[in-house]
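FYI, it's all coordinate maths here, none of it is from the lab. All figures in this text were calculated on a predicted structure; none of them were measured in a lab. Heads up, the Cβs are rebuilt from the backbone with ideal geometry, glycines too, and the neighbour counts pull from every protein chain shown.
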Amino acid sequence: MIGIHIPTSLEYDTSNAGLLATELKNLRDFDEIALWRRKAVAEVKTLHSIIKAIEDKRQTAFQAISHEEQEHAAKSLLPKLFDGRKEQKRWLGEQSRLEREKNQIEVVIDQFESAIDFVPDSLEDLEKILEECKQQKKELSTEKKAVNAQMSSIRVEARQQTANTNYGKYGKGDRHLIKLNKEAALKPQDSQKTALERQITKLDEMIAWLGRFI
């Protein structure tokens, strides 16, 4: 199922976005989708305006930091040594906070825009999206089988190498090296397999979610 995560924010009231995220999970027919899409598009426009306001605040912070730098540079050596520069630290902290807020809101916008594009607006559109999801799942499953085959080949080769080592303490070092090489070779394959499984699971959830509109 598609979902939208709404983080806490000091720059905007997240209640409406949170409500839309909940409504998305509970949509049941195309009329509800049409209404949700209109509200979601309006929310995205609001979020873009909030980003513009954050950019203005960041510019104010930048100017304040520059002004503080100039004042500090104009001071003589002794005052500089005892200058805690609290004002600069405060503005730097505010600048960092605003940057985090901006990045979070951009992620929320991306999630809303993806959902707006994904939700079907007709039975024909639904069938098309379902087919695309199923085709993508098929391709990912094929890729996963190839990764499993590669991992199996690495394990077989390691077993064969181990079988050719000397028994007892004389082959212990060789067997340890073979094991380390095997684990190193499997690590990227295992990460790829995990990523593929995660994508397949997400597609399964999307297919199940879309099935409610049939």
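How much net charge surrounds Ala158 when only other residues with a Cβ under 11 Å from its Cβ are counted (Lys, Arg +1; Asp, Glu -1)?
Result for the neighbourhood of Ala158: +3.
Quick check: residue separation of Arg175 and Glu106 times 0.36 nm, minus the Cα distance between them. What number comes out in nm?
19.8 nm
Is the shape of the chain best called rounded, prolate or oblate, per the rule: a/c under 1.5 gives rounded, else a/b larger than b/c gives prolate, else oblate, with a ≥ b ≥ c the square roots of the Cα gyration tensor eigenvalues?
Details: a/c = 4.56, a/b = 1.22, b/c = 3.72.
Note, shape of the chain comes out oblate.
Explain nothing, just the number: relative contact order of the chain, from Cα pairs under 8 Å at least 6 residues apart, as a whole percent.
30
222 nm [θ] for the chain, helices only, -39500 (n - 2.57) per DSSP H run of 4+, per residue, to 500?
That calculation yields -29500 deg cm²/dmol at 222 nm.
By how many nm would the segment from Gln135 to Thr194 lengthen if fully extended, with 0.36 nm per residue of separation less the alpha-carbon distance?
19.3 nm
How far apart, in nanometres, would the label points at Glu143 and Ser15 be if each is projected 7 angstrom from Cα along the Cα-to-Cβ direction?
Each label point lies 7 Å from its Cα, and together they span 4.3 nm.
Could you give me the ³J(HN,Hα) list for segment 195-209, computed from phi with Karplus coefficients 6.51, -1.76, 1.60 and θ = phi - 60°, whole Hz, x at Gly and Pro?
5, 5, 4, 5, 5, 5, 4, 5, 5, 4, 5, 5, 4, 5, 5
Using Cα pairs closer than 8 Å and at least 6 residues apart in sequence, work out the relative contact order for segment 122-214, in percent.
51
How much net charge surrounds Leu98 when only other residues with a Cβ under 11 Å from its Cβ are counted (Lys, Arg +1; Asp, Glu -1)?
Surrounding charge for Leu98 is -1.
Among the listed pairs Lys45/Lys137; Lys57/Lys86; Lys137/Lys193, give every one whose C-alpha distance is greater than 23 Å. Display every interim value, and only then the final one.
Numbers: Lys45/Lys137 33 Å; Lys57/Lys86 19 Å; Lys137/Lys193 14 Å.
From the list (Lys45/Lys137; Lys57/Lys86; Lys137/Lys193), the Cα-Cα distance tops 23 Å for Lys45/Lys137.
How many nm separate the modelled label positions at Tyr167 and His48, each set 7 Å beyond the Cα in the direction of the Cβ?
About 7.4 nm separates the two model spin labels.
Place a +1 charge on the Cβ of each Lys and Arg in the chain and a -1 charge on the Cβ of each Asp and Glu, then give the dipole magnitude about the Cα centre in debye, rounded to the nearest 20.
Computed charge dipole of the chain: roughly 1520 debye.
Which aspartates and glutamates, if any, have their Cα less than 18 Å from the Cα of Lys25, not counting same-chain residues under 8 positions apart?
Of all the aspartates and glutamates, those that pass the test against Lys25 - Cα under 18 Å, at least 8 places apart if same chain - are Glu43, Asp110, Glu113, Asp117, Asp121, Asp204, Glu205.
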